[in-house]
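Accompanying notes for the structure given below.
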């Protein structure tokens, strides 16, 4: 086993790529359990997803881990998804994800913009970063 060291510091936004084992094209067809897994991790940890894209065999995510270790967040996400996936497929065991993940620490605003463009392929409006809703009047909800 290698002695891989990751150097994350509080306040660093990171771009992460995670790939399924043997590049199995399982993510799109199981997006519901990927989202469920994300929500499970989100319920127990404070972090922000700035942007993400899911393809058949991998995903890219721009993540602000807040005060969390991104490696631990990804580990929880991968373990949760793998458990749901194995249950869905009636698997007792078996690998679902490649070991580890690829990461890049965002260095500045230009770097962040390039990674958002890479994830979204330039498809987002000028207002995509607005934090508070504009002009919401009336009743909403169920």
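The values are calculated or read from the model by the stated rules, or taken from the named source; none is laboratory data. From a predicted model like this one, the values you see are computed outputs, not experimental measurements. FYI the Cβ positions are ideal-geometry reconstructions off the backbone, even for glycines, and counts take in every protein chain you see.
A single member of 90, 135 is modelled with pLDDT under 90 and at positive phi, and it is 135. Within segment 9-26, restricting attention to residues that are under 21 Å from residue 111 (Cβ atoms) and surrounded by fewer than 16 Cβ atoms within 10 Å (Cβ to Cβ), the residue that is modelled with the highest pLDDT is 17. Note on segment 27-40: residues that are buried (at least 16 other Cβ atoms within 10 Å of the Cβ) and closer than 26 Å to residue 114 by Cβ total 3. Note on segment 70-86: among residues that are more than 13 Å from residue 32 (Cβ to Cβ) and more than 12 Å from the chain's Cα centre (by Cα), the one that is modelled with the lowest pLDDT is 72.
The number of residues in segment 112-124 being at pLDDT 65 or above and either more than 19 Å from the chain's Cα centre (by Cα) or part of a loop (DSSP other than H, G, I, E, B) (or both) comes to 1.
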